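The values are calculated or read from the model by the stated rules, or taken from the named source; none is laboratory data. On a predicted model such as this, the values are computed, not experimentally measured, just so you know. Here the Cβ positions follow ideal geometry from the backbone for every residue, glycine too, while neighbour counts run over all protein chains shown.
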Amino acid sequence: MSDAFITRTEIDGDADGPLDDQRIAVKDNISTDGTRTTCGSAMLAEYVPPYDATVIERLKRAGATIVGKTNMDEFGMGTTTESSHFGPTTNPIDEERVPGGSSGGSAAAVAAGEADLALGTDTGGSVRCPAAFCGVVGIKPTYGLVSRYGLVAYANSLEQVGPLAPTVEKAAELLDVIAGPDERDATTRSEGADTNYASAADCDIDGTTIGVLTDLVDGADERVAAVFEERIAELEERGAEIREIELDSLAHAVRAYYVIAMSEASSNLARFDGVRYGISGGFDGDWNDAFARAREAGFGSEVKRRVLLGTYALSAGYHDKYYEKAQDTRAWIKQEFDAAFEQADVLASPTMPVLPPKLGESLEEPLQHYLMDANTVPVNLADLPAISVPAGTADGLPVGAQFVGPAFGERAVIRAASALE
């Protein structure tokens with residue numbers, strides 16, 4: 001397997017904490033005091049933060065040993081971990097295939113046994129996608145449950161730090177450690193902060209109403225859909241009530257997501273100009289040329305593409321045409337999810353609509369690459385919690401099932417996932 005780690009290290013936390021015997025890998029866009037944080041980019045190849053992110057502080061207090069920083073798509077922009085400046089990570093299940101992204105290194109490290117647990121970040125599926133492709137568990141928390149202080153931002157209104165683990169209970173135990181309000185992150189809220197998430201992994205599905213998102217099942221590869229439907233049928237036999245739910249807004253989610261995410265990326269990455277952050281392109285008296293040279297040398301092709309598209313969407317004459325319409329679509333998606341939770345306790349779909357592609361396969365068609373996010377991005381647009389849990393295999397490759405809950409309904413999705421597991 002291509003190395004899941006960008007930087008191997010060993011940082012021991014306090015003794016006798018709840019994670020005292022656990023080796024944890026950390027995605028390389030989460031700041032670690034004294035250890036490189038590159039975001040998978042040449043722009044930050046030698047950047048060493050002078051402080052810890054809040055989630056790292058909490059890991060250390062819990063006694064965890066941080067074993068390394070993991071490879072990722074550059075600045076989190078990708079679904080395969082192939083856009084990293086440091087080269088791709090391969091899937092431990094099949095080394096000819098991608099591990100998913102953008103937290104592919106974290107998922108691969110857990111799947112290969114190189115770490116007991118890992119942290120990733122999820123902007124449009126970047127925890128759940130690699131969890132599904134590598135056959136592990138990944139949780140995307142409700143927006144505001146986990147502090148983003150110390151996370152190098154890609155799209156502030158969408159991203160959350162989330163756990164990856166071999167089992168639902170282990171993922172929930174890690175969520176227990178990192179969840180909770182933080183005075184340094186004004187987006188965090190206190191709801192659910194004192195909840196013991198691990199206790200919800202009790203496998204009790206009797207009486208739970210599961211809403212199957214038919215739009216996302218129908219759009220999946222038939223092999224993926226068959227595995228998912230078989231497992232949902234098993235939950236029905238064990239006492240769950242199954243309802244089919246259609247959400248018209250989901251057909252527009254990918255387009256809205258990429259307009260919003262790329263627009264926020266355009267703003268966030270403006271700081272990487274070779275002066276405030278990043279590598280220098282040299283200065284010969286013209287700041288515009290100096291900034292352009294720094295970004296040309298520091299950013300990869302996918303980052304450049306997204307920044308250009310985001311800048312275009314925000315520009316005069318196009319802001320109303322694209323960005324405002326995307327935000328209206330986001331509100332529509334949120335409203336439809338809220339209505340769906342009046343009919344069901346949790347919603348379910350395949351995590352990814354396809355099996356893990358071979359290396360290089362999806363990069364040939366950027367649009368098809370973006371469409372791989374169809375099942376995951378609606379959750380981020382609606383600020384909801386979701387979990388990906390292994391559902392089985394098709395042609396020897398992992399298939400993930402996704403459960404989505406109402407805001408701060410992590411216990412509900414953890415319970416459902418544990419029952420399927």
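Go through segment 172-204 and give me each residue that's among the aliphatic types (A, V, I, L, M), crowded, with 21+ Cβ neighbours inside 10 Å and in a loop (DSSP other than H, G, I, E, B). Once the filter is applied, which keeps residues that are among the aliphatic types (A, V, I, L, M), crowded, with 21+ Cβ neighbours inside 10 Å and in a loop (DSSP other than H, G, I, E, B), segment 172-204 yields only ALA201. Looking across segment 149-207, the residues that are within 22 Å of ILE30 (Cβ to Cβ) and hydroxyl-bearing (Ser, Thr, Tyr) come down to TYR149, TYR154, SER157, THR187, THR188, TYR197. Taking every residue in segment 287-302 that is under 27 Å from LEU367 (Cβ atoms) and pairing it with any residue that is buried (at least 18 other Cβ atoms within 10 Å of the Cβ) and charged (D, E, K, R), at least 6 positions away or on another chain, the pairs with Cβ-Cβ distances below 8 Å are ARG295/ASP273; PHE299/GLU74; GLY300/GLU74; GLU302/ASP73; GLU302/GLU74.
For ILE56, all conditions in the list (1) among the β-branched types (Val, Ile, Thr); (2) closer than 22 Å to GLY135 by Cα; (3) surrounded by 22 or more Cβ atoms within 10 Å (Cβ to Cβ); (4) in contact (Cβ under 8 Å) with a residue 60 or more places away in the chain hold save one; what is the number of the exception? Only one criterion in (1) among the β-branched types (Val, Ile, Thr); (2) closer than 22 Å to GLY135 by Cα; (3) surrounded by 22 or more Cβ atoms within 10 Å (Cβ to Cβ); (4) in contact (Cβ under 8 Å) with a residue 60 or more places away in the chain is unmet by ILE56, namely (2). Every condition in (1) farther than 21 Å from SER301 by Cα; (2) part of a helix (DSSP H, G or I) is met by ASP52 except one, and the failing one is (2).
Within segment 224-243, residues that are in contact (Cβ under 8 Å) with a residue 12 or more places away in the chain reach partners that are among the small types (Gly, Ala, Ser) and in a loop (DSSP other than H, G, I, E, B) with beta carbons closer than 6 Å, at six or more positions or on different chains, in the pairs ARG243/ALA344. State whether one or more residues within segment 273-294 are closer than 19 Å to LEU371 by Cβ, touching a Leu at 6+ places or on another chain (Cβ under 8 Å) and of a type outside the set (A, V, I, L, M, F, W, C). Checked against the condition, which is being closer than 19 Å to LEU371 by Cβ, touching a Leu at 6+ places or on another chain (Cβ under 8 Å) and of a type outside the set (A, V, I, L, M, F, W, C), segment 273-294 yields no hits at all. Evaluate segment 305-312: report whether one residue or more is under 30 Å from SER388 (Cα atoms), modelled with pLDDT of 90 or more, small (Gly, Ala, Ser) and more than 22 Å from the chain's Cα centre (by Cα). No: segment 305-312 contains no residue that is under 30 Å from SER388 (Cα atoms), modelled with pLDDT of 90 or more, small (Gly, Ala, Ser) and more than 22 Å from the chain's Cα centre (by Cα). In segment 13-35, the residue that is surrounded by the most Cβ atoms within 10 Å (Cβ to Cβ) out of those that are among the charged types (D, E, K, R) and farther than 13 Å from MET72 by Cβ is ARG23. For segment 193-231, the set of residues classified as among the β-branched types (Val, Ile, Thr) and modelled with pLDDT under 95 consists of THR195 only.
Restricting to segment 122-174, give me the number of residues that are within 25 Å of SER267 (Cα to Cα) and of a type in the set (A, V, I, L, M). So the count comes out to 9. Restricting GLU230, GLU236 to those that are loosely packed, with under 15 Cβ neighbours inside 10 Å and in contact with a Gly (Cβ under 8 Å, 6 or more places away or on another chain) reduces the list to GLU230.
Could you list all residues from segment 244-274 that are under 21 Å from HIS85 (Cβ atoms), surrounded by fewer than 22 Cβ atoms within 10 Å (Cβ to Cβ) and in contact (Cβ under 8 Å) with a residue 12 or more places away in the chain?
Those that are under 21 Å from HIS85 (Cβ atoms), surrounded by fewer than 22 Cβ atoms within 10 Å (Cβ to Cβ) and in contact (Cβ under 8 Å) with a residue 12 or more places away in the chain: SER266, ASN268, ASP273, GLY274.
Summed over segment 277-292, residues that are surrounded by fewer than 18 Cβ atoms within 10 Å (Cβ to Cβ) and under 22 Å from SER84 (Cα atoms) total 3.
Mind listing just one residue for me: the one in segment 96-136 that is of a type in the set (Ser, Thr, Tyr) and outside any loop (DSSP other than H, G, I, E, B) and, of those, nearest to HIS85 (Cα to Cα)?
SER106
How many of the residues in segment 137-152 are in a loop (DSSP other than H, G, I, E, B) and closer than 14 Å to VAL55 by Cα?
8
Restricting segment 306-336 to residues that are touching a residue at least 24 places away in the same chain (Cβ under 8 Å) and hydroxyl-bearing (Ser, Thr, Tyr), the residue that is farthest from ALA270 (Cα to Cα) is THR329.
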